[in-house]
Amino acid sequence: MAETIDLSHFARSTADGVLSMDFAIEGADCAACIDDIEGSLLSLPGVESARLNVASRRLSVSWRSAVSAPQKIIECLGERGYRAHAFDLHKLDSEDVEHMRWLMRCLAVSAFAMMNVMLLSGSVWSGAVSDIDRETRDFFHWLSAILVMPAAAYAGQPFYRSAIAGQRARRLNMDAPISLGIILALGMSLYETWTSAAHAYFDSAAMLLTFLLAGRALDQAMRIKMRAAAANIAALKGELAQRLDGGGGSVSVPVAALRAGDRVLVRAGDRIPADAFVLSGASDVDESVITGETDRRAIGKGAQVWAGSLNGAGALTLRVTVAGESTLIDDVKRLVEKASESKSHYRRLADRAASVYSPFVHVTAFGTIVFWSLVGADVHFALVTAISVLIITCPCALALAVPAVQVVATGRLFRAGVYLNASDALERISEIDHVVFDKTGTLTLPLKRVANASEVPDDLLALAARLARSSRHPLAFAVTACGVEQPPFADAQESTGAGVSAWVDGVEARLGSRNFCDANCNSANVEADVSTLFIRYGSRVAALEVRQALRTDAIFVVAALRARGCAVSILSGDRAEAVGPVAQRLGVEDWRGGVKPHEKISAIQALTLGGARVLMIGDGLNDAPALAGAHASLSPIDAVDIARARADAVFLGDKLQPVIVALDIARKARSLMRQNLWLAVIYNIIAAPLAIAGHVTPLIAAAAMSISSILVTANALRPSVPLRANPPPRGQAQNGLQRLTFGKVRP
């Protein structure tokens with residue numbers, strides 16, 4: 001029975017009488033489903049757009065209210081073999097978790113059966129060349145049947161259901177020949193066991209099921225992880241807001257209940273719940289997750305603020321301008337989802353190839369039966385030969401050709417501190433020829449440091465670190481790291497936007513701005529990306545130069561990328577005054593500062609249209625759309641959740657060297673993938689005609705299939721590139737690396 005949907009609750013009104021709605025899709029397991037679903041919906045009268053994101057199973061449809069309706073959309077999808085219902089993130093998460101548990105149960109059952117039947121098969125194989133008697137062999141075959149038949153019936157459900165759904169919708173997918181091969185191999189094995197024949201093929205079916213289920217479970221785990229991390233973007237707005245009423249009182253309401261024009265109170269340390277402007281109050285806000293700007297922005301009456309920004313020390317009264325799902329954060333989220341959809345190109349090609357391969361295998365097997373029947377062979381021989389064709393052409397080698405390399409390369413990347421998020425990340429990383437870096441938190445370390453700590457007297461530095469423990473200012477954290485762990489001064493007082501003061505042994509100590517500390521000394525460093533604090537204790541004064549430290553191997557990595565034929569650019573949301581010095585130190589001429597999220601993705605798209613294959617490396621929320629829209633992407637492990645989720649890979653540590661290692665391993669992996677695909681093709685060209693000619697028994701077919709799988713796996717295991725990048729050549733890059741200390745190049 002089709003689901004009835006209340007338009008007033010689920011559908012969203014747009015302009016000119018157009019309605020839009022998000023659906024959750026069940027049964028869309030491959031990228032080929034995108035064309036099928038979108039094409040069938042666009043053929044409906046009134047439907048103006050349909051976009052499916054396979055990874056999130058989210059289908060967005062827009063239609064004319066007078067012509068179409070959600071019910072017709074659901075019915076159309078049902079006729080194609082898909083089940084659709086209103087998109088509910090919490091419900092979808094629970095469904096995905098339950099589906100993952102089911103896949104893991106199937107995998108456990110299949111793996112248990114495979115391991116045990118392999119022990120029995122080993123005894124039969126060794127006995128076949130020695131002195132095993134028929135009764136013992138039959139006994140082992142019956143034990144294998146008892147183990148594998150119920151296991152295959154349960155564990156094979158993900159493939160059987162997919163194949164049946166495809167048949168109902170008159171579609172052939174890769175699960176169809178897999179299911180048919182498993183069922184026929186098991187049926188023939190059962191018949192051969194019943195008639196005391198010498199060979200049975202329960203082990204082949206169990207092995208095939210286990211390998212394929214492992215791949216399906218890994219794919220499902222990746223989807224769950226990506227959606228869970230991406231959903232954390234909503235947490236930046238918080239769950240509750242303090243809405244003010246006409247009498248000046250406040251009441252806690254869900255953020256989703258806010259409307260334009262509402263007045264809200266944001267206390268110190270809270271996140272701003274909606275895009276708004278300041279009615280009253282003064283504070284400083286941390287907008288780093290939105291814009292990438294490193295320094296807090298001082299705001300007062302009339303200033304514009306964005307949802308997700310972190311309020312500083314002052315309370316603010318705001319007038320909401322944009323709420324709901326129209327805030328800047330939600331715009332970033334939509335940019336991310338839209339950019340992610342463009343990554344399905346390689347999966348589409350693979351599934352289209354599979355759609356050709358599947359009917360080819362069926363036609364070949366059926367043609368084998370027809371041929372041998374016409375030339376007078378008995379039915380048993382024709383059927384056994386057809387099963388041999390199905391087994392020997394089973395897409396194991398083809399299916400393992402790329403995953404085997406991916407597994408090995410992923411393990412090597414893991415040991416190098418790089419973790420992949422996308423199944424086709426290796427292929428895309430190997431193709432890049434232009435690298436775009438974010439600055440803050442990517443080329444530089446996430447936390448600021450005191451660059452001239454060695455030049456400040458130790459007692460003043462320790463005093464400054466202890467005073468800094470009483471401040472919530474972001475620069476104070478950098479100063480705190482300079483001293484040993486000590487409690488803050490009990491009588492310390494913070495003056496918002498100025499500094500911290502306390503009485504120490506009868507003498508006043510101050511840490512903060514020049515005016516607050518009444519400092520007459522000058523800082524030797526006047527670069528734009530350096531913030532200067534002053535410490536005064538009595539008559540003694542010292543300047544503390546705080547800056548974000550450049551990653552220690554950044555100069556080497558930029559030089560190494562150029563040596564590998566890659567152009568290098570910097571796109572940062574930070575101030576141009578802060579980006580320029582970093583670009584100059586790295587020798588990067590193509591750089592921009594103050595870049596908004598939509599401008600970053602526009603720049604990436606412009607490079608792509610110019611023929612470049614861009615690798616984006618960033619860590620912030622403002623980088624997420626560019627990470628999703630680039631040809632490939634990387635993020636440091638300490639990036640925000642949405643950036644890590646949308647990046648193709650994340651890397652550990654304070655160095656950028658994993659970027660070079662990832663590129664080298666990916667390029668080697670691409671070469672091995674191509675070799676494996678050719679091995680699989682050559683294997684099928686040789687093996688299929690032999691099987692059709694009747695020269696191959698199912699046992700030999702199973703052995704040949706296993707050998708082909710072993711060949712591609714062995715090729716994938718061949719020695720790869722080193723897990724550490726080669727040392728930089730002598731010259732500018734090496735010298736710059738040796739001179740680099742806390743982001744400063746010493747003379």
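Considering every residue within region 617-626, establish whether at least one is modelled with pLDDT under 85 and assigned to a loop (DSSP other than H, G, I, E, B).
Checking region 617-626: at least one residue is modelled with pLDDT under 85 and assigned to a loop (DSSP other than H, G, I, E, B).
Given (1) touching a Ser or Thr at 6+ places or on another chain (Cβ under 6 Å); (2) assigned to a helix (DSSP H, G or I), where does Ala200 come up short, assuming only one miss?
(2)
Looking at region 597-608, can you tell me whether even one residue there is modelled with pLDDT under 85, surrounded by fewer than 17 Cβ atoms within 10 Å (Cβ to Cβ) and either in a helix (DSSP H, G or I) or not hydroxyl-bearing (Ser, Thr, Tyr) (or both)? Break it down into steps so the answer makes sense when it comes.
The first filter runs over region 597-608 and keeps only residues modelled with pLDDT under 85, leaving 597-598.
Now drop any that are not surrounded by fewer than 17 Cβ atoms within 10 Å (Cβ to Cβ), which leaves 598.
From the residues that got through so far, the ones that are either in a helix (DSSP H, G or I) or not hydroxyl-bearing (Ser, Thr, Tyr) (or both) too are 598.
Within region 597-608 (the criterion being modelled with pLDDT under 85, surrounded by fewer than 17 Cβ atoms within 10 Å (Cβ to Cβ) and either in a helix (DSSP H, G or I) or not hydroxyl-bearing (Ser, Thr, Tyr) (or both)), the answer is yes, since at least one residue qualifies.
Scan (1) surrounded by fewer than 23 Cβ atoms within 10 Å (Cβ to Cβ); (2) within 21 Å of His362 (Cα to Cα); (3) not small (Gly, Ala, Ser) for the single condition Tyr154 breaks and write down its number.
Going through (1) surrounded by fewer than 23 Cβ atoms within 10 Å (Cβ to Cβ); (2) within 21 Å of His362 (Cα to Cα); (3) not small (Gly, Ala, Ser) one by one, Tyr154 breaks only (2).
For the condition modelled with pLDDT under 80, farther than 18 Å from Ala639 by Cβ, of a type outside the set (Val, Ile, Thr) and not in a loop (DSSP other than H, G, I, E, B), what is the one hit in Ala260, Ala276, Ala217?
On the way: Ala260 fails: not in a loop (DSSP other than H, G, I, E, B); Ala276 fails: modelled with pLDDT under 80.
After applying the criteria, what remains is Ala217.
Name the residues in region 483-525 that are of a type in the set (A, V, I, L, M, F, W, C) and at pLDDT below 75, would you?
Step one: list which residues in region 483-525 are of a type in the set (A, V, I, L, M, F, W, C), which gives 484, 489-490, 492, 498, 500, 502-504, 507, 509, 511, 516-517, 519, 521, 524.
Answer for region 483-525, where residues must be of a type in the set (A, V, I, L, M, F, W, C) and at pLDDT below 75: Val484, Cys521, Ala524.
Leu634 fails exactly one of the following numbered conditions: (1) among the hydrophobic types (A, V, I, L, M, F, W, C); (2) under 24 Å from Arg562 (Cβ atoms); (3) assigned to a helix (DSSP H, G or I). What is the number of that condition?
(3)
Quick check on region 639-662: of everything there that is over 16 Å from Phe437 (Cβ atoms) and surrounded by fewer than 24 Cβ atoms within 10 Å (Cβ to Cβ), which residue is modelled with the lowest pLDDT?
To start, the set of residues in region 639-662 that are over 16 Å from Phe437 (Cβ atoms) comprises 640-642, 644-646, 652-653, 661.
Okay, now just the ones that are also surrounded by fewer than 24 Cβ atoms within 10 Å (Cβ to Cβ), so 640-641, 652-653, 661.
Numbers: Val640: 70, Asp641: 65, Leu652: 77, Gly653: 74, Val661: 90.
It comes out as Asp641.
Filter region 427-441 for residues that are over 15 Å from Val595 (Cα atoms) and either outside the structural domain of Ala628 (by TED's automatic domain parsing) or outside any strand (DSSP E or B) (or both) and give the result.
Here is the first cut: in region 427-441, the ones over 15 Å from Val595 (Cα atoms) are 427-435, 441.
Those that are over 15 Å from Val595 (Cα atoms) and either outside the structural domain of Ala628 (by TED's automatic domain parsing) or outside any strand (DSSP E or B) (or both): Glu427, Arg428, Ile429, Ser430, Glu431, Ile432, Asp433, Gly441.
Going by what's in this entry, would Asp286 be described as over 30 Å from Met100 (Cα atoms), acidic (Asp, Glu) and at pLDDT 80 or above?
Here the answer is no, as Asp286 does not meet what is asked.
I'm checking my understanding of the structure. Among residues of region 567-587 that are surrounded by 18 or more Cβ atoms within 10 Å (Cβ to Cβ) and among the hydrophobic types (A, V, I, L, M, F, W, C), which one is modelled with the lowest pLDDT?
Ala578
With Ala669, Ala649, Ala680, Ala643 as the choices, which residue is touching a Leu at 6+ places or on another chain (Cβ under 8 Å) and without any contact (Cβ under 8 Å) to a residue 40 or more places away in the chain? Break it down stepwise before answering.
Working: Ala669 fails: without any contact (Cβ under 8 Å) to a residue 40 or more places away in the chain; Ala649 fails: without any contact (Cβ under 8 Å) to a residue 40 or more places away in the chain; Ala680 fails: without any contact (Cβ under 8 Å) to a residue 40 or more places away in the chain.
The unique qualifying residue is Ala643.
Is it true that Ser633 is surrounded by 24 or more Cβ atoms within 10 Å (Cβ to Cβ) and hydroxyl-bearing (Ser, Thr, Tyr)? Walk me through it before giving the result.
Details: surrounded by 24 or more Cβ atoms within 10 Å (Cβ to Cβ): yes; hydroxyl-bearing (Ser, Thr, Tyr): yes.
Yes, satisfied.
Does Tyr191 qualify as being modelled with pLDDT under 80 and more than 30 Å from Glu79 (Cβ to Cβ)?
On the way: modelled with pLDDT under 80: no; more than 30 Å from Glu79 (Cβ to Cβ): yes.
No; evaluated as a whole, the condition is false for this residue.
Evaluate region 687-710: report whether one residue or more is at pLDDT 80 or above and over 16 Å from Thr368 (Cβ atoms). Working first, answer last.
Residues of region 687-710 at pLDDT 80 or above: 687-696.
Right, trim to over 16 Å from Thr368 (Cβ atoms) and you get none.
No, region 687-710 contains no residue that is at pLDDT 80 or above and over 16 Å from Thr368 (Cβ atoms).
Report yes if some residue within region 111-118 is outside any helix (DSSP H, G or I), at pLDDT 75 or above and buried (at least 20 other Cβ atoms within 10 Å of the Cβ); otherwise report no. Spell out how you get there, then give the answer.
Kept after step one, since they are outside any helix (DSSP H, G or I), are these residues of region 111-118: none.
Checking region 111-118: not a single residue is outside any helix (DSSP H, G or I), at pLDDT 75 or above and buried (at least 20 other Cβ atoms within 10 Å of the Cβ).
Based on this model, can you work out whether Gly247 counts as surrounded by fewer than 14 Cβ atoms within 10 Å (Cβ to Cβ) and at pLDDT 80 or above? Lay out the reasoning, then the answer.
Details: surrounded by fewer than 14 Cβ atoms within 10 Å (Cβ to Cβ): yes; at pLDDT 80 or above: no.
No; evaluated as a whole, the condition is false for this residue.
For region 526-542, what are the residues that are modelled with pLDDT of 70 or more, out of contact with any strand residue (DSSP E or B) (no Cβ under 7 Å at 6 or more places or on another chain) and either assigned to a loop (DSSP other than H, G, I, E, B) or among the aliphatic types (A, V, I, L, M) (or both)?
The one that is modelled with pLDDT of 70 or more, out of contact with any strand residue (DSSP E or B) (no Cβ under 7 Å at 6 or more places or on another chain) and either assigned to a loop (DSSP other than H, G, I, E, B) or among the aliphatic types (A, V, I, L, M) (or both): Ser539.
Is there any pair linking a residue in region 248-268 that is under 16 Å from Arg319 (Cβ atoms) to one that is assigned to a helix (DSSP H, G or I), with Cβ under 8 Å and at least six apart or on different chains, and which?
Going by the 8 Å Cβ cut-off, the qualifying pairs are Val255/Lys237.
The values are calculated or read from the model by the stated rules, or taken from the named source; none is laboratory data. Since we're looking at a predicted model, the values are computed, not measured. Note that each Cβ is placed from the backbone with ideal geometry, even for glycine, and that neighbours are counted across all protein chains shown.
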